[in-house]
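Notes to accompany the following structure.
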Number of protein chains: 2
Amino acid sequence: MRNRETLIPVYYRLAEDIKKQIESGELKDGDLIPTEVQLGEQYSISRMTVRQGIALLAEAGLIETIKGKGSFVTRPRLNQLVIDLKHVGVPREQVHYKLLDVNLIRNNTDFANKLGFTGEASVIAIKRLMLKGNLPVAIEEKFLRYQKGKPLLETQLEYADFPEVVAKHQESVPVRNDMLISVAALSAAQAKLLDAGEGLPALVIKQVIYSKDDKLLGVATMVCHKDRYELKATSYPLLGRL
Amino acid sequence: MRNRETLIPVYYRLAEDIKKQIESGELKDGDLIPTEVQLGEQYSISRMTVRQGIALLAEAGLIETIKGKGSFVTRPRLNQLVIDLKHVGVPREQVHYKLLDVNLIRNNTDFANKLGFTGEASVIAIKRLMLKGNLPVAIEEKFLRYQKGKPLLETQLEYADFPEVVAKHQESVPVRNDMLISVAALSAAQAKLLDAGEGLPALVIKQVIYSKDDKLLGVATMVCHKDRYELKATSYPLLGRL
DNA sequence: TAGTGGTCTAGACCACTCG
DNA sequence: GAGTGGTCTAGACCACTAA
């Protein structure tokens with residue numbers, strides 16, 4: 001029966017109880033939690049309801065369930081960090097963009113293939129500058145397959161993030177986004193755009209977007225000013241639902 | 001009834017069917033999928049079983065369910081990228097470590113506080129070099145609260161990753177790991193250790209580990225050779241379960 | 001063989017949304 | 001008020017694990 005005072009589902013309470021026991025150290029890494037039947041008796045609820053609570057804990061990565069054996073406490077997966085590109089770097093409100101260049105590079109198979117677009121000849125190239133106030137923060141270069149009948153809208157170029165631009169302009173549905181984070185020294189041209197010195201370190205973020213058959217849909221590269229952009233990642237989101 | 005030929009649960013098949021419809025573009029961003037009752041009739045299964053399938057899709061981020069309205073298709077969350085520290089940078093087998101320094105810095109409150117350890121005076125500092133073959137890849141510096149009765153074992157220092165070292169040495173259970181990725185120029189000392197030139201760009205990865213009350217448990221900094229270390233992140237893991 | 005988790009049913013009542 | 005998803009029940013049979 002649902003707890004009428006709080007309107008919090010029973011299975012949720014059960015999950016929180018066990019979560020607390022793990023965080024307090026009462027239940028340690030590798031420990032077995034009570035069986036589903038035992039928990040059902042403890043809380044006077046049916047087994048399906050117990051399973052809902054256990055599913056929450058498993059989803060959060062706090063336990064691992066093995067058929068025929070039981071549910072074991074696991075150390076929270078602190079090795080899996082999440083980067084949320086929507087809330088990264090600089091607060092959204094202070095950022096604006098300056099479009100530097102938009103090009104349709106037609107019938108240049110070499111160029112397309114070099115980017116990874118196999119069997120394509122025409123590529124859209126977009127270059128823009130990201131600014132915070134008047135300070136240049138990053139140079140962004142994006143490349144997309146050219147897709148007939150799917151025009152790129154200016155508003156999208158200005159405000160949408162890269163996966164969204166790709167989704168809007170491609171027939172294929174984007175299903176994977178890989179990111180490579182590396183470091184490089186600024187070229188003279190880059191240094192000028194970023195209002196920094198040539199040869200200074202810069203953060204380089206490369207995004208590659210694929211459809212379900214691993215067909216490349218888009219490539220984006222960000223070259224970031226070393227003092228004005230910082231990537232953050234956290235393990236928290238996985239546990240946050242509980 | 002379970003499909004006896006394949007042993008694949010019905011709810012899983014249902015989820016895969018809808019996933020395919022999303023990936024093929026048959027169901028688009030914002031579309032409503034059939035109601036739970038309708039799906040139950042289509043597949044001749046009970047509503048609870050339908051809900052299991054829908055839960056899978058929601059977990060994968062393919063749909064979003066709103067009480068009283070229905071389940072809507074959402075674009076896969078390509079903006080949330082996962083870094084798996086276990087499989088990052090360089091293949092595990094080729095890596096080994098050289099311990100440079102282990103120090104117990106006693107009764108130095110200033111030092112501890114500067115790192116963020118409030119109300120503590122003693123800190124353990126570990127410095128080691130990560131190598132791939134004979135090539136130095138990164139300089140790692142780690143700082144932990146000193147915890148009585150929880151000795152640091154040499155094997156842990158050599159082989160365990162940072163969250164694990166913290167978990168083993170602290171009373172408090174680590175529950176969050178934040179990471180900051182930035183860029184810096186190598187100092188003369190760093191350049192010498194990494195066998196690189198002074199002033200060259202380097203990737204700087206800072207990890208901060210907290211317990212559930214946001215108490216700081218550990219800080220780690222990695223300074224990486226620009227050509228020998230690269231961070232990878234991907235959106236895939238979130239969808240991988242389906 | 002006994003105990004565990006995994007799947008599934010056929011109901012029930014509830015809270016929420018919308019016309 | 002009709003339709004939706006959210007919670008929950010009291011069973012059932014299955015596959016897997018371990019003694």
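The values are calculated or read from the model by the stated rules, or taken from the named source; none is laboratory data. It should be emphasised that the depicted structure is a prediction, and the values quoted were computed from it without experimental measurement. All Cβ positions, even for glycine, are placed from backbone atoms using ideal geometry, and neighbour counts span all protein chains on display. Surface accessibility is based on the protein's heavy atoms, side chains included, excluding ligands, DNA and RNA. Shrake-Rupley method; radii C 1.70, N 1.55, O 1.52, S 1.80 Å.
For the residues A:LYS212, A:LYS142, A:LYS232, a GNM of chain A with alpha-carbon springs under 10 Å puts the largest fluctuation on A:LYS212.
What pairs from A:LYS168/B:LYS20; A:LYS28/B:LYS132; A:LYS212/B:LYS232; A:LYS19/A:LYS67 go past 23 Å between their alpha carbons? The answer is A:LYS28/B:LYS132. Apply 1/(1 + (r/R0)^6) to the Cβ-Cβ distance of B:ASN113 and A:LYS69, taking R0 = 51 Å, and write down the FRET efficiency to the nearest 0.05. That gives a FRET efficiency of 0.65. For region B:85-225, taking Cα atoms only, Rg and Dmax work out to 15.1, 42 Å respectively.
Taking the alpha carbon gyration tensor of region A:141-208, multiplying each eigenvalue by 5 and rooting it gives semi-axes of 29, 15, 9 Å, largest first. Shape class of chain A from the Cα gyration tensor (axes a ≥ b ≥ c, square roots of the eigenvalues): prolate, since a/c reaches 1.5 or more and a/b is larger than b/c.
Measuring r between the beta carbons of A:ALA121 and A:ALA189 and using R0 = 30 Å, the FRET efficiency lands at 0.65. Take the Kirkwood radius over Cα pairs of region B:65-140, plug it into Stokes-Einstein at 37 °C and 0.692 mPa s, and you get 192 µm²/s for translational diffusion. Could you work out the Rg to Rh ratio of region B:10-73, with Rh taken as the Kirkwood radius (inverse of the mean 1/r over all Cα pairs)? Expressed as Rg/Rh, it is 0.92. Here the simple spin-label model places points 7 Å from the Cα toward Cβ, and for B:ASP31 and A:ASP101 these points are separated by 3.9 nm. In whole Å, what is the distance between the alpha-carbon centres of region B:191-234 and region B:124-177? With region B:191-234 and region B:124-177 each reduced to a Cα centre, they are spaced 13 Å.
Relative to the longest principal axis of the Cα atoms of chain B, helix B:47-59 runs at roughly 40 degrees.
Label-to-label distance, A:ASP161 versus B:ASP213, with points set 7 angstrom from Cα along the beta-carbon direction: 3.4 nm.
Compared with the dominant Cα axis of chain B, that is its longest principal axis, helix B:10-23 is turned about 80°. Would you calculate, for chain A, the mean residue ellipticity at 222 nm contributed by helices, counting each DSSP H stretch of 4 or more residues as -39,500 (n - 2.57) and dividing by all residues, to the nearest 500? Helix-only estimate at 222 nm: -7500 deg cm²/dmol. Using a probe of 1.4 angstrom and keeping all protein chains present, the accessible surface of the protein assembly as shown works out to 52 square angstrom per residue. Stretching the chain fully between A:MET48 and A:ASP84 yields a gain of 9.6 nm (0.36 nm per residue, less the alpha carbon separation). Shielding by partners for peptide A:215-227, expressed as the average number of C-beta atoms from other protein chains within 10 Å of each residue's C-beta, is 1.
Judged by the gyration tensor of its Cα atoms, with axes a ≥ b ≥ c, the protein assembly as shown is oblate; a/c meets the 1.5 cut and b/c is at least as large as a/b.
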